[in-house]
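Single-structure report; data block below.
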Amino acid sequence: MERLIEILKDLHPEVDFSAATDLIGDGILDSLDIVTLITEINSTFDVSIPPEEIIPENFASAEAIYALILRLDEE
Amino acid sequence: MTFTSASFLLFAALTVLLYFTVPRRGQWWVLLVASYVFYLFAGVEYLAFLLYATVVSYVVARLMQARADAEDAFVEANRDRLEKSERKAFRAKEKKKRFFILVGGLVAGFGMLAVLKYTGFAAGIVCAAWTGMGNEPFEIPDLLLPLGISFYTFQAMGYLIDVYRKNARAERNFFRFALFISYFPQLIQGPISRFEALSEQLFATHAWDATRVRSGLARVLWGFFKKLVVADTAMIAVKTLVTGSDTYTGAYVFLLILLYSAQIYGDFTGGIDVTIGLSEILGIRVAENFNRPFSSKSTKEYWRRWHITMGTWFTDYVFYPLSVCSPMQRFSKFSRAKLGNAIGKRLPVYVATVATWFLTGLWHGAGWNFIVWGLLNCLVILVSQELTPLYDRFHAKFPRLVASGAYGVFQMARTFLLMGLIRSLDCYRDVGKTFSLWFSMLTDWNLPQLLTGGWRTLGLTGAEWCMLGLAILLVFAVSLAGKKRPVREWLSTRPVTFTLCACGLILLILLFGAYGIGYDASQFIYNQF
């Protein structure tokens, strides 16, 4: 989780990702951010996030993103 | 049968009457028959293309669904016997098979669109190269372009991708599916709906609800006002400015940017208001396509607010898959290794952005002006992205200025003018000519000529100019007032004010709208896409 927060902080240093709960709805992460984030996650966590998983619920918060990573790793 | 024609009003009234008269289980049948009758009015010859898109996407989706169901059943039955890695490998193999079926469906669906919409454009390019080599020119084919084909093809293809991704289950009933593709209020100019969202609405039963019907009617009326009073009036001056663009340079180009912004806003949002209002009367919620786009402070924000369903279509089905596909991920690793982390990680995203905007431009029309339009939008977005650190430094240095309302207004005006400038490629069509006309705004100082009488030559009388200005102000005021709560909602709590406003709007449309016997209200711009 710490590594994920670091990746998110690289994108938006001004945001408190441990508290933010609607990263998409609040306009914090846009499509360019999401793709950059996915590229980072894929190389850091050795998972592959497919396009069908790119839905607002999976990127709403740091916890949701982390849960997605764990689920993809498990599947 | 345009939305603003008398025949459409009669057709819609009859449909609503039938819809609430038949047994509720049969309501969707009324919509299906009405949708095909509506499309028949556009031309019998168009019907084959709508049926083709429907049959192809229905069959392909059913094939993918059958494979997906078999895959799930197999995994479930063998859960204890198969290792995790074996299950993963099996699912990956099955996904690949579904992918081939999907590709077949996409080629068949987009292939038809490509042949009808882009053959003339492609042949024109080949012909230009051919004659450039000293040969005789050949005849460019002029193929039929069915009304709304870009919209219903995109809706059908989006559905196929959703079924492939298991984000939607394929519809078993062919006629229900046919209604999803052909639902007449949104058939020819969107919004581009998702199956999961719209089907639920279409196939549910709906009771007559006077409050809802009144609210829907108000929205239809507001759409008529925007189209007939704002868009169709502005169109007269826009047409004059475009046909006489050899003389209407300099300040006139700036005026065209303002007028065409008003025209396309009134035209497109007005049409969508009719779609959403009519659907509301029927009890069907259709996705919103606009969210006060001219209040955007950046191009990125503008594209989140303008033609929203098209933007999300391209983001979900083109930009994301392209950005995260294996070759692009490999390119990302390669570019990071060769160019460093900072540039390397942005490069693949930017490549995907350029490709997406190129296709967005092409979706709007088969012409260089549309491609350049798409790429210029892309350029502005990418340059803004690159300049973000600079903006951040500026914002940190002048926090009071940035927090002031004036700075917000400046950002909105900047975005509005920039988008308007690029949008003018839509009007002039010829890319070289458009660029030279933009340049003329810096060289031809003819503002005094425009103000001292030039405006009289643009096809509108003094009274019509005043009426257009006031109508635009009214649209602006309603948009501003509806920032926190839609004006219709507020009005519905005041029945007398509501009725007065509705009557006032009807009066304004009848008095000032480009409407009436002998006058054919112009086609909606987006119907032609």
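The values are calculated or read from the model by the stated rules, or taken from the named source; none is laboratory data. Values in this document were obtained by computation on a predicted structure and should not be read as measured data. Every residue, glycine as well, gets a Cβ built from its backbone with ideal geometry; the counts of neighbours run over all protein chains shown.
I'd like to verify a number: residues in the range B:299-310 that are in contact with a Ser or Thr (Cβ under 9 Å, 6 or more places away or on another chain), assigned to a helix (DSSP H, G or I) and either in contact (Cβ under 8 Å) with a residue 60 or more places away in the chain or surrounded by 20 or more Cβ atoms within 10 Å (Cβ to Cβ) (or both), how many? Steps first, please.
Looking only at the range B:299-310, we keep the residues that are in contact with a Ser or Thr (Cβ under 9 Å, 6 or more places away or on another chain), and these are B:299-306, B:309-310.
This time we only want the ones that are assigned to a helix (DSSP H, G or I), so: B:299-305, B:309-310.
This time we only want the ones that are either in contact (Cβ under 8 Å) with a residue 60 or more places away in the chain or surrounded by 20 or more Cβ atoms within 10 Å (Cβ to Cβ) (or both), so: B:299-303, B:309-310.
Selection size over the range B:299-310: 7.
Go through the residues of the range B:335-348 one by one and say whether even a single one is within 14 Å of another protein chain (Cβ to nearest Cβ), buried (at least 19 other Cβ atoms within 10 Å of the Cβ) and at pLDDT 85 or above.
no
Please go through the range B:239-288 and give me each residue that is more than 28 Å from B:Val220 (Cα to Cα) and either among the hydroxyl-bearing types (Ser, Thr, Tyr) or within 22 Å of the chain's Cα centre (by Cα) (or both), ordered by number.
Within the range B:239-288, the first condition is being more than 28 Å from B:Val220 (Cα to Cα), and the residues that meet it are B:240-255.
B:Thr240, B:Thr243, B:Ser245, B:Thr247, B:Tyr248, B:Thr249, B:Tyr252 - these are the residues of the range B:239-288 that are more than 28 Å from B:Val220 (Cα to Cα) and either among the hydroxyl-bearing types (Ser, Thr, Tyr) or within 22 Å of the chain's Cα centre (by Cα) (or both).
If the requirement is being farther than 30 Å from B:Ile506 by Cβ and assigned by TED's automatic domain parsing to the domain that holds B:Phe180, which of these qualifies: B:Ala68, B:Ala34, B:Ala42? Spell out the reasoning first.
Numbers: B:Ala34 fails: farther than 30 Å from B:Ile506 by Cβ; B:Ala42 fails: farther than 30 Å from B:Ile506 by Cβ.
B:Ala68 is the lone residue from the list that is farther than 30 Å from B:Ile506 by Cβ and assigned by TED's automatic domain parsing to the domain that holds B:Phe180.
Can you give me the ranges of the helices (runs of 4 or more DSSP H) entirely in the range B:445-499 with at least 2 residues that are closer than 16 Å to B:Val230 by Cβ? Explain how you work it out, then say what you get.
Numbers: elements: B:447-451, B:462-481, B:487-492.
The qualifying helices (runs of 4 or more DSSP H) are B:462-481.
Consider the range B:349-370. How many of its residues are away from chain A (no Cβ under 11 Å) and either in contact with a Phe, Trp or Tyr (Cβ under 9 Å, 6 or more places away or on another chain) or outside any helix (DSSP H, G or I) (or both)? Spell out how you get there, then give the answer.
From the range B:349-370, those away from chain A (no Cβ under 11 Å) are B:354-355, B:357-370; that's our starting set.
Filter once more, so that each one left must be either in contact with a Phe, Trp or Tyr (Cβ under 9 Å, 6 or more places away or on another chain) or outside any helix (DSSP H, G or I) (or both): B:355, B:357, B:359-370.
Of the residues in the range B:349-370, 14 are away from chain A (no Cβ under 11 Å) and either in contact with a Phe, Trp or Tyr (Cβ under 9 Å, 6 or more places away or on another chain) or outside any helix (DSSP H, G or I) (or both).
Taking the stated definitions as given, is B:Ser199 outside the structural domain of B:His307 (by TED's automatic domain parsing) and closer than 26 Å to B:Ala68 by Cα?
Against the criterion (outside the structural domain of B:His307 (by TED's automatic domain parsing) and closer than 26 Å to B:Ala68 by Cα), B:Ser199 qualifies.
Of these, B:Leu468, B:Leu382, B:Leu473, B:Leu458, which one is assigned by TED's automatic domain parsing to the domain that holds B:Thr360, of a type outside the set (Val, Ile, Thr) and modelled with pLDDT of 90 or more?
Numbers: B:Leu468 fails: assigned by TED's automatic domain parsing to the domain that holds B:Thr360; B:Leu473 fails: assigned by TED's automatic domain parsing to the domain that holds B:Thr360; B:Leu458 fails: assigned by TED's automatic domain parsing to the domain that holds B:Thr360.
Result: B:Leu382 is the single residue among B:Leu468, B:Leu382, B:Leu473, B:Leu458 that is assigned by TED's automatic domain parsing to the domain that holds B:Thr360, of a type outside the set (Val, Ile, Thr) and modelled with pLDDT of 90 or more.
Filtering the range A:19-42 down to residues that are of a type in the set (Gly, Ala, Ser) and out of contact with any Ser or Thr (no Cβ under 8 Å at 6 or more places or on another chain), which residue is surrounded by the fewest Cβ atoms within 10 Å (Cβ to Cβ)?
A:Ala19
Please verify whether the range B:209-232 includes one or more residues that are surrounded by fewer than 24 Cβ atoms within 10 Å (Cβ to Cβ), among the hydroxyl-bearing types (Ser, Thr, Tyr) and in contact with a helix residue (DSSP H, G or I) (Cβ under 8 Å, 6 or more places away or on another chain).
yes
Of the residues B:Gly420, B:Gly462, B:Gly405, which single one is in contact (Cβ under 8 Å) with a residue 40 or more places away in the chain and either of a type in the set (Gly, Ala, Ser) or loosely packed, with under 12 Cβ neighbours inside 10 Å (or both)?
None of the others qualify; the one that does is B:Gly420.
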